[in-house]
1. Direction-averaged shadow area of the convex hull around the Cα atoms of region 100-250, nm²?
2. Which whole number of Å³ per residue matches the convex hull of the alpha-carbon atoms in region 76-123?
3. Return the calculated 222 nm mean residue ellipticity for the chain, to the nearest 500 deg cm²/dmol, obtained by summing -39500 (n - 2.57) across DSSP H runs with n ≥ 4 and dividing by the residue count.
4. Note down the relative contact order for region 126-223 as a percent, whole number, built from C-alpha pairs under 8 angstrom at least six residues apart.
5. Can I get the semi-axes of region 187-226's equivalent ellipsoid? Compute them from the C-alpha gyration tensor as square roots of 5 times the eigenvalues, in angstrom, largest first.
6. When the gyration tensor of region 246-296 is built from Cα positions, what are the square roots of 5 times its three eigenvalues, in whole Å, from largest to smallest?
7. Expressed as a rounded percentage, what relative contact order does the chain have, with Cα pairs under 8 Å and six or more residues apart?
8. Between 0 and 90 degrees, rounded to the nearest ten: what's the tilt of helix 29-60 against the longest Cα principal axis of the chain?
């Protein structure tokens, strides 16, 4: 259409110029200039009029749609500000899903209601300081200085308790999310930040984590209260979104939340509901008509403290076992040295035993010889005793005989008869 109009304007201009030029013989030049000016101005006016028409056509056509869009936006703004009972309008405002329970609310809450709920959540959550930067960790004192960029003043008070978490970069996988760093007491406060001291104390592992976090340049988040676990926090998230947020070891609990329970589920993971949709207590299980999977909520403050206590006990137990192992190793080495000494002693005693056996053999031989000699000596002794007794009798007999003879000779010389009893008495002796 634009090309056709351009060709038409060109033809009109050409015809007009030809007409004016052919009339120059009959008209005065001033008239010709005036006519040419009028013609050119008319052509320009027509072009400008067509351009104005085009502009009004192009920009005026979407005006009703824009006005309707403005009305829709104003209605949405009004609904967001004051709330609405129009569920269709609410679905248009939140096409990805309503961030509230329509059946429970009965309407879309107003902005004032959201502010009140947010204030309640803030009071329940406590204050939070984000973007905190950690300084050099003093392992011996168990403390670390931190700088708090906002707010100013930060509002931390001395001797207050805070819970520190490491902030993970956006899009980090679950195994690289921000980790819990510990419970700290504020020991010093300044305009730029504070000094935090670990409540449980810094062991080797915890100190290494804090130093690694400080060196990496990651910022921290300080919570006045330990964050609370809730089912509503993860409601509405798809399994894929949960897998991106949570580790694989626990994500299945969050995915199954509210789904039908199975007979294999633990009693602590089952919740029963009656005909009215009300949850039944443990004493009214027979009234339940539906059982769903229910993830037990975690008390992170208690769990982290309990884990820290168990870790300290395990560390002490490990240190004791290491010390016992060192003592056992020392005793084993001492036993090995003693065994080597005993082997030397056994070798020496074995050598002595061999020598003693040789000595015993010699002694046995000598004993046999001495026993034989002793037996021979006893035999000779007995023979000598017999011979001595025989010789003694013979000597006594000889002496008695000589005594009789002497006595008889003496008596004969004296003329006295010897007593008859004298030889018998002498024989008896």
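Any read-out appearing in this document is the output of simple, stated calculations on the displayed coordinates, not a laboratory observation. Just so it is clear, the model here is predicted, and its values are computed rather than measured.
1. It is 11.1 nm².
2. 74
3. -20000 deg cm²/dmol
4. Relative contact order for region 126-223 comes out at 39 percent.
5. 19, 14, 11
6. Numbers: eigenvalues 103, 21, 14 Å².
Output for region 246-296: semi-axes of 23, 10, 8 Å.
7. Working: 359 pairs, mean separation 36.6, N = 429.
Computed value for the chain: 9 percent relative contact order.
8. 40
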